[in-house]
Amino acid sequence: MTNASTPDFDLSAELDATRGWDDSGDSDIDLDDGFESGYAEESDLGEDPEVTTGDQDLAERYALRRVAGLSTELHDITEVEYRQLRLERVVLVGVWTEGTVTDAENHLAELALLAETAGSEVLDAIYQRRSSPDPATYVGRGKVEGIREIVQATGADTVICDGELAPSQLRNLEDRLKVKVVDRTALILDIFAQHAKSKEGQAQVELAQLTYMKQRLRGWGGNLSRQVGGRVAGGAGIGGRGPGETKIETDRRRINTKIAKLRRQLAAMKGTRDVKRQERRRHHVPSVAIAGYTNAGKSSLLNRLTGAGVLVEDALFATLDPTTRRTTTADGRVYTMSDTVGFVRHLPHQLVEAFRSTLEEVADADLVLHVVDGSHPDPESQIAAVREVFAEIGASEVPEIIVINKADLADPLAVARVRQREPHSVVVSAKTGEGIDEALAMVEGELPRPGVEFSALVPYDRGDLINRLHQRAEIDALEHTADGTMVRGRAHPDLAGELASYAV
Ligand SMILES: Nc1nc2c(ncn2[C@@H]2O[C@H](COP(=O)(O)OP(=O)(O)OP(=O)(O)O)[C@@H](O)[C@H]2O)c(=O)[nH]1
Ligand SMILES: [Mg+2]
């Protein structure tokens with residue numbers, strides 16, 4: 001791939017569109033290397049975290065992680081996007097704008113889980129009450145000094161802010177805190193990058209990362225062009241700034257080229273999945289999608305319901321690749337059940353976009369099993385966050401059953417409260433098996449039912465037809481007679497059509 005400019009690239013338009021990126025109060029900020037500031041030098045990721053289950057996937061995942069961390073080779077623009085965040089000893093910082101203290105603490109507890117999932121050790125967590133984040137420094141300017149003291153006292157090497165920050169905010173904080181500062185979006189992208197296993201998953205994550213990086217480049221570019229004017233006028237740093245801008249343009253072009261290539265690859269991969277999905281549709285195989293907040297127990301539930309054997313881990317975003325399993329109802333009808341990527345509060349938009357084709361599985365399903373962790377301190381907010389993503393991916397209209405999981409751990413009062421708000425729900429434990437039969441019965445009851453009634457005498461040499469009836473129709477009565485199989489029930493129009501010649 002050369003650096004030839006891509007048709008969709010227009011520097012001045014990009015700069016115009018990003019004028020607002022650099023919020024007030026940072027025009028005095030030195031620009032030295034804001035672009036790479038959130039990303040670590042290529043280096044060892046340290047000890048492998050402890051393996052929580054004997055699952056091979058897990059072992060592979062950690063092995064992969066180590067290899068990625070040790071690699072010193074930088075290819076192409078991977079210099080930009082593939083350096084993993086080397087998050088080791090971190091301080092978390094949040095701005096609390098609404099809700100109760102408990103909400104604020106829950107949010108930081110979640111940020112801590114995310115940070116640990118990414119492989120870091122959380123040393124301290126601080127939040128500040130403000131009507132809105134400070135445009136220049138996220139937390140109030142006066143608080144930055146206090147955070148710097150905490151950073152120094154704890155020996156942290158990274159600060160993670162609980163939001164999506166403008167590039168200028170990250171840079172300002174780094175300037176003052178003297179350690180690396182990253183935002184929640186970069187953290188989540190990093191977890192996804194560590195967990196992506198399939199080619200499609202990796203391409204999706206890469207696309208999301210590049211989109212994120214490109215936005216950071218924009219901020220820098222916009223700022224830089226203004227700075228260049230000032231500096232040129234003042235006669236300072238002329239030589240130093242020129243190549244910088246060239247590099248941005250080159251980087252931006254390479255990023256655009258790479259993004260275009262990834263989109264093409266993803267479109268091709270989507271094609272394969274679409275074919276499979278159409279095949280299922282054509283055969284009227286109903287599909288159930290398991291969706292919900294990350295770590296709610298979606299994969300455990302799929303395993304419990306179908307014996308799928310997919311990866312289960314006490315980690316956020318353990319599953320990125322959708323798994324679809326064929327299964328049957330108690331009366332033998334075939335349907336599919338898919339596990340999918342977990343959601344989170346403020347799921348980065350870049351990820352929703354990049355994972356759109358995967359998430360279409362949910363929008364396209366006949367039924368959604370919305371799994372919620374009943375033992376979470378605030379299951380209602382998880383439900384709300386998941387429904388926001390449903391709305392974004394066009395899945396709001398799909399019939400939904402709320403599956404309140406982890407009943408073995410949950411406070412019965414909290415479960416009762418959720419049930420009251422969500423009457424169309426079932427309480428289960430994927431761990432103990434409690435409630436699983438009830439959940440299955442509910443699913444079977446809500447699968448789309450074939451609508452055309454039939455009554456036929458099928459000759460014995462049409463065993464194939466009887467087989468298909470078992471799998472795809474609902475059979476009310478079946479009797480073996482001297483002349484063939486007498487069968488009565490309901491089928492989809494195509495199958496009912498095939499039976500027409502045997503109708504009685
Ligand atoms: N006690 C208890 N733990 C459960 C139950 N269901 C799942 N877990 C645990 O919760 C953690 C997450 O389970 P997963 O099935 O991986 O959750 P998931 O929703 O697929 O998570 P992601 O793929 O990371 O979004 C694992 O440690 C499971 O063992 C349950 O009913 N009770
Ligand atoms: Mg999972």
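The values are calculated or read from the model by the stated rules, or taken from the named source; none is laboratory data. All values derive from a computational prediction rather than experimental measurement. Every residue, glycine among them, receives a Cβ derived from its backbone with ideal geometry; neighbour counts consider all protein chains shown.
Summary table below
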| quantity | calculated |
| --- | --- |
| Of all residues making up region 321-357, the number that are within 13 Å of ligand 2 (Cβ to nearest atom) and on the phi > 0 side of the Ramachandran plot | 0 |
| Matching entry among THR257, THR336 (being in contact with a strand residue (DSSP E or B) (Cβ under 8 Å, 6 or more places away or on another chain), polar (S, T, N, Q) and buried (at least 18 other Cβ atoms within 10 Å of the Cβ)) | THR336 |
| Some residue of region 410-429 being assigned to a strand (DSSP E or B) and away from ligand 1 (no atom under 12 Å from the Cβ) | yes |
| Every residue from region 368-395 that is away from ligand 2 (no atom under 16 Å from the Cβ) and either under 20 Å from MET442 (Cβ atoms) or part of a strand (DSSP E or B) (or both) | GLY374, PRO379, ILE383, ARG387, PHE390, ALA395 |
| Residues being near ligand 1 (Cβ under 8 Å from one of its atoms) and not in a helix (DSSP H, G or I) - total across region 291-304 | 6 |
| Residue list for region 301-310, restricted to those being in contact (Cβ under 8 Å) with a residue 60 or more places away in the chain and either outside the structural domain of THR336 (by TED's automatic domain parsing) or buried (at least 24 other Cβ atoms within 10 Å of the Cβ) (or both) | LEU301 |
| Only listed residue being closer than 30 Å to GLU313 by Cα, without any contact (Cβ under 8 Å) to a residue 60 or more places away in the chain and of a type in the set (S, T, N, Q), chosen from THR481, THR432, THR485 | THR432 |
| Unique residue being buried (at least 20 other Cβ atoms within 10 Å of the Cβ), in contact (Cβ under 8 Å) with a residue 24 or more places away in the chain, more than 11 Å from ligand 2 (Cβ to nearest atom) and assigned to a loop (DSSP other than H, G, I, E, B) when the list is ALA318, ALA365 | ALA365 |
| So ALA491, is it surrounded by 12 or more Cβ atoms within 10 Å (Cβ to Cβ) and more than 26 Å from the chain's Cα centre (by Cα) | yes |
| Every residue from region 430-446 that is away from ligand 2 (no atom under 16 Å from the Cβ), surrounded by 16 or more Cβ atoms within 10 Å (Cβ to Cβ) and not acidic (Asp, Glu) | GLY435, ILE436, ALA439, LEU440, MET442, VAL443 |
